[in-house]
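See structure below.
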Amino acid sequence: MAGARQPVPTPATGAAGASRTTATTEATDAGPVPAAGLPVVETFHSLQGEGLHAGRSAFFIRLGGCTVGCSWCDTKHSWPATTHPQRSLATLLAETQAAAAAGAAFVVITGGEPLHHDLNDLCRTLQPAGLPLHLETSGVDLLSGGFAWISLSPKRHRPPKAALLAACQELKVVVHEAADLAFAEAMAAAAVAAGNRPALLLQPGWDCKAGEQLAIAYVRGQPQWRLSLQSHKQLGLR
Ligand code: SF4
């Protein structure tokens, strides 16, 4: 869901993206950590580049697997669900605790499409790290896990579940063409119909001048919307 970022190895990982196959059960303050793992493309400590939390220190967990198939996707390497090594939840907790000690303000669970997986155990396992959990999702699946912040980036070709429209804190629509603006308004209206009033953001597609011009002009005339830029790419971060 997020753009590519520069991995910063944490003491627990050694090297970001390294294979993990540990499958033991470990005790934490929140109870025993389930032995199960998840396919992880990479983990890294960087800055959140986009959305309302842009510019803040964050620890990213990018899960493998996505069937949404966006043509402009910048993380197509994350799409296969089976080629990325399984990393145990205990290992992810250790990495998150190390990132917290190094200054991370929150954790971003991204992908791929992270909700292709049941995130309940992951969220519960990460609780002892004491960091708020953020989710970046297209919303095509049922919501699992518990999050302090949900960034919903719905896609025209795979509209989101109503439950995600009702639960998200920010609605972030990628803009390439005029039809994306109409879709953004339809999603905002659907969120209101679901009883929610998330922050509304338009994000131009990367290196898409038409999308930039459309989004800027629209935000200028529609003050309920805010421009979101992929600042991590502009800065050369991953
Ligand atoms: S949902 Fe996200 S990861 Fe999946 S194809 Fe679309 S942009 Fe890429």
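The values are calculated or read from the model by the stated rules, or taken from the named source; none is laboratory data. Just so it is clear, the model here is predicted, and its values are computed rather than measured. We place every Cβ from the backbone using ideal geometry, glycine too, and count neighbours over all the protein chains shown.
Summary table
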{"quantity": "Test for Gly146: is it surrounded by fewer than 20 Cβ atoms within 10 Å (Cβ to Cβ) and either under 16 Å from the mean Cα position of the chain (by Cα) or over 21 Å from Gly49 (Cα atoms) (or both)", "calculated": "yes"}
{"quantity": "Strands (runs of 3 or more DSSP E) (entirely within the stretch 44-110) containing at least 2 residues that are within 25 Å of Pro198 (Cα to Cα) and among the hydrophobic types (A, V, I, L, M, F, W, C)", "calculated": "57-63, 106-110"}
{"quantity": "Single match in Thr22, Thr28 (criterion: surrounded by fewer than 17 Cβ atoms within 10 Å (Cβ to Cβ), away from the ligand (no atom under 16 Å from the Cβ) and modelled with pLDDT under 95)", "calculated": "Thr22"}
{"quantity": "Candidates Val107, Val68 - the one that is of a type in the set (Val, Ile, Thr) and within 13 Å of the chain's Cα centre (by Cα)", "calculated": "Val107"}
{"quantity": "Out of Leu126, Leu119, sole residue that is within 16 Å of the ligand (Cβ to nearest atom), buried (at least 23 other Cβ atoms within 10 Å of the Cβ) and without any contact (Cβ under 8 Å) to a residue 40 or more places away in the chain", "calculated": "Leu119"}
{"quantity": "Residue, nearest to the ligand (Cβ to nearest atom), within the stretch 74-109, restricted to residues that are crowded, with 21+ Cβ neighbours inside 10 Å and among the charged types (D, E, K, R)", "calculated": "Arg87"}
{"quantity": "Residue in the stretch 175-199 that is nearest to the chain's Cα centre (by Cα), counting only those that are surrounded by 21 or more Cβ atoms within 10 Å (Cβ to Cβ) and farther than 13 Å from Pro159 by Cα", "calculated": "Pro198"}
